[in-house]
Each structure stands twice: as C-alpha cells, then as structure tokens.
Amino acid sequence: MKFFIINSFRTMVYVAYFAILIAGIGMGIYQQGAFAADVLGMEGPVARVIEIVLGTVVGWIAASLVCGLIVTLLDIRDDINDRLPDARRDD
C-alpha cells in the first residue's frame, strides 16, 4: 500500500508541474504580445514570441517553486510521522 501512496504523491507533483507550466505558456499565448508591446515597444509576431517565451519561463519558475514546496512539505510530514512512534514509547 505504501508503494501506491508514494507513487500517487509523485504523480501529483508531476501533474501539478506540467499543469502550472502549461498555464504559464497559456498566459503567454493569451497576452497576444500586449505586454511586450507596452514594455518593450515591439509589435507583431516578435512580440507574440517574446510573450510565449516569458510565459514559459514564468511558468517554469512557478512550477519549480510550487512543486518544490509540495515535496518539501511531504518530506517534513513523512519525517514527523516516522518519529511519532518514538515519542509515544514509554521507557
């Protein structure tokens, strides 16, 4: 049973990572170059490419931070659960 639980957490992190990354790319596509046109003064397809690249980079950073936090919290929880039986023992 522990095998399935560990792999379900791993699957959750993989799904979350790719979902956040795809959301970042989607935001870059949704902007249609508006941010690059306003900030960098670029127009047309170059602005769209810059938006998609920026969305990908922001999505990658956000996915790394969120999934890293998930893995860290799960590891802390696992360590606490490993130590709980020692605290309950009456010696």
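Derivation of every value follows stated rules applied to the coordinates shown; laboratory data play no part. Note that the coordinates shown come from a computational prediction; the quantities given were computed from them, not determined experimentally. FYI the Cβ positions are ideal-geometry reconstructions off the backbone, even for glycines, and counts take in every protein chain you see.
With labels modelled as points extended 7 Å from the Cα through the Cβ direction, what inter-label distance (nm, one decimal) is found for residue 69 paired with residue 81?
2.2 nm
Based on the Cβ-Cβ distance of residue 10 and residue 34, what FRET efficiency does E = 1/(1 + (r/R0)^6) give at R0 = 30 Å, to the nearest 0.05?
0.20
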